[in-house]
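Scroll down for the structure; my scribbles are underneath it.
Values in this text are rule-based calculations from the coordinates and carry no lab data. As the structure is a prediction and not an experimental result, all values here were calculated from the model. In this analysis, Cβ positions are derived from the backbone assuming ideal geometry, glycine residues included, and neighbour counts consider all displayed protein chains.
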Amino acid sequence: MASDTNTDTDTDSLAFDVFSRACPSRSTLEHVTGRWGGLTLGALYEESLRFNELRRRVDGVSEKMLSQTLHALERDGLVLREAQPVNPPRVDYELTPFGREVAEKLLGLIHCVEGRMDEVLAARARYDEARGGR
């Protein structure tokens with residue numbers, strides 16, 4: 001019987017390593033940190049939104065890219081898609097608890113970057129000047 005102990009905890013304690021090519025966490029990290037994934041999660045942090053509301057909020061995303069992004073985030077368990085049984089059809093998107101946790105961390109990064117943009121723009125100008133105005 002000793003061999004049967006901890007079989008559940010053995011599988012629960014599997015280590016994921018995003019730096020390993022085969023690790024499934026790598027694709028989730030890509031979905032979260034990609035341009036549209038991060039912006040979509042950030043936009044949904046405050047409230048649930050319909051598709052077109054979300055597309056207007058994430059300025060510049062195409063309908064196709066937003067649809068692909070939402071599918072990937074839903075598949076990863078970050079976004080919940082809820083179809084309302086009304087006429088005309090209504091679909092709302094909202095964050096799952098996991099999605100809220102991830103969005104909270106992303107918003108911290110977003111606010112950090114936005115708050116330091118003066119430094120970023122100055123660094124870019126110095127870099128470009130040092131390389132002949134590229």
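Placing +1 at every Lys and Arg Cβ and -1 at every Asp and Glu Cβ, with all other atoms neutral, what dipole size does the chain have around its Cα centre, in debye to the nearest 20? If you can, show how the numbers build up before the last one.
On the way: 18 positive and 23 negative charges, 169 e Å.
The dipole of the chain has a size of about 820 debye.
Starting from the Cα of residue 90, step 7 Å along the direction of its Cβ; do the same at residue 110; then give the gap between the two resulting points in nm.
In this crude label model, residue 90 to residue 110 measures out at 2.4 nm.
Can you tell me how much longer the chain between residue 118 and residue 57 gets when fully stretched, taken as 0.36 nm per residue apart minus their C-alpha distance, in nm with one decimal?
19.5 nm
Give me, ordered by chain and number, the residues 5 or more places off residue 95 or on other chains with an amide H under 5 Å from its own placed amide H.
80
Going by Cα centres, region 67-128 and region 23-39 are how many Å apart?
Distance between centres, Cα-based: 10 Å.
Neighbouring Cβ atoms within 10 Å as the yardstick, rank 16, 51 fewest first.
16, 51
Please name which of 96, 70, 45 has its Cα lying farthest along the dipole of region 45-106 towards the positive end, using unit charges on Cβ (Lys, Arg +1; Asp, Glu -1) and the Cα centre as origin.
70
Subtracting the Cα-Cα distance from 0.36 nm times the residue separation, let me have the gained length for residue 33 to residue 17 in nm, one decimal.
4.1 nm
Percent of alpha carbon pairs in region 18-130 separated by more than 25 Å?
Above the 25 Å cut-off, region 18-130 has 32 percent of its Cα pairs.
Evaluate the relative contact order of the chain (contact order divided by residue number), counting alpha-carbon pairs under 8 angstrom at least 6 apart; express in whole percent.
Normalised by residue count, the contact order of the chain is 20 percent.
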